[in-house]
1. Inverting the mean 1/r over all pairs of different Cα atoms, compute the Kirkwood radius of region 56-102 and quote it in Å.
2. Take Arg179 and Lys146, extend 7 Å from each Cα along the Cα→Cβ direction, and tell me the distance between the two endpoints in nm.
3. Checking the table Lys37/Lys89; Lys14/Lys118; Lys4/Lys103; Lys81/Lys105; Lys61/Lys118; Lys105/Lys146 against a 21 Å threshold on Cα-Cα, which pairs fail?
4. Of the heavy-atom accessible surface of the chain (probe 1.4 angstrom), what whole percent is carbon and sulfur?
5. Mind checking which of Ile122, Ile16, Ile72 has the largest fluctuation in a GNM of the chain, springs on alpha carbons under 10 Å?
6. Over the alpha-carbon set of the chain, work out the extent along each principal axis and list the three values in angstrom, largest first.
Amino acid sequence: QFAKGNPEGTLLPKNIPMRFDFDVLSTTNYGLHIGPKRACVRYDGKDNFPLKGGTIEMTIKNMDWEYPEKRIHMFLRPASKDITMYVYKHSHDGLGVYVQNVKTKKSLFLRNMPKDWKSNSIHHLAYTWDGAGNSVLYFDGLMVGKGYIPLPDTNVKNFTIGTTGKWGNAGDSSIGHVRMYN
């Protein structure tokens, strides 16, 4: 009830207006299903995506895949001309966040190789960054990586939950909730 932001989104690829309000009390069983032949949801970045530091928090349930899984699974991706960011499962070395400052070409890849990632298991991921360039990745409540990358003060046009193309569109997953904090 105290949340800021707008849950009005666009279901892709059909550009259908929709509302998917991630509820903290919901379970990942009934979350947004993403993967092959599934849609994704695009949200407006204005007033939704933190700009000068913040936290992205989400729960992920892998429906039909386990580690060591060699495919890429995309969970969240913002669109910005100055920042590249992926929250995803990398093909070889874990679940994590890739961030690149497009202006400086510097990048950071924080990741964790889950040891107990089995089909239908639910995991929590949180990525946090501050305006000074410090980044921290948490997996299932534990800090698993930290690094430094100064990010430009820029707008995020929009962000998608799921993938908009073939890259990262492997295996079914369910996103139980997504929360963003400034």
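1. For region 56-102, inverting the mean 1/r across all distinct Cα pairs yields 11.7 Å.
2. Spacing of the two 7 Å Cα→Cβ label points: 2.2 nm.
3. In this structure, Lys14/Lys118; Lys4/Lys103 lie more than 21 Å apart at Cα.
4. That share works out to 52 percent.
5. For the chain, modelled as a Gaussian network with Cα springs under 10 Å, the answer is Ile16.
6. The Cα atoms of the chain stretch 38, 37, 32 Å along their principal axes.
The values are calculated or read from the model by the stated rules, or taken from the named source; none is laboratory data. Computed from a predicted structure; not experimentally measured. Cβ: placed from backbone, ideal geometry, glycine included. Neighbour counts: every protein chain shown. Note: areas computed on protein heavy atoms with side chains; ligands, DNA, RNA excluded. Shrake-Rupley method; radii C 1.70, N 1.55, O 1.52, S 1.80 Å.
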